[in-house]
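What follows is a short report on a single structure.
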Ligand SMILES: [Zn+2]
């Protein structure tokens, strides 16, 4: 199976030290699990929460996860860890 431009599990890119990749990996598992949980509930499929979770997962696929949708700044790691589905940084969220 061909994936995109042929790069499958592409060579390691220079990443920020500290491993945003591995953090994203565990956040993704968390989001996946919460999606499953919601979907198992009656009506869970149409909740806003599920939309947020799916949005976060698609941002991971786009490579924009961890980036604020309002100011394009980086969302703090502590915030991402606590709230992996968040769309904006603490500054924008409290503004
Ligand atoms: Zn922001």
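FYI, it's all coordinate maths here, none of it is from the lab. Here the structure is a predicted model, which means the values were calculated and not measured. No Cβ is skipped: glycine too gets one built from the backbone with ideal geometry, and neighbour counts run over all protein chains shown.
A few remarks follow.
- Computed from the C-beta positions of residue 45 and residue 22 and an R0 of 30 Å, the FRET efficiency is 0.50 to the nearest 0.05.
- Tensor-based shape of the stretch 21-95 (alpha-carbon gyration tensor, a/c under 1.5 rounded, otherwise prolate or oblate): prolate
- Ranked by the mean number of other Cβ atoms within 10 Å per residue, highest first, peptides 35-41, 55-61 order as 55-61, 35-41.
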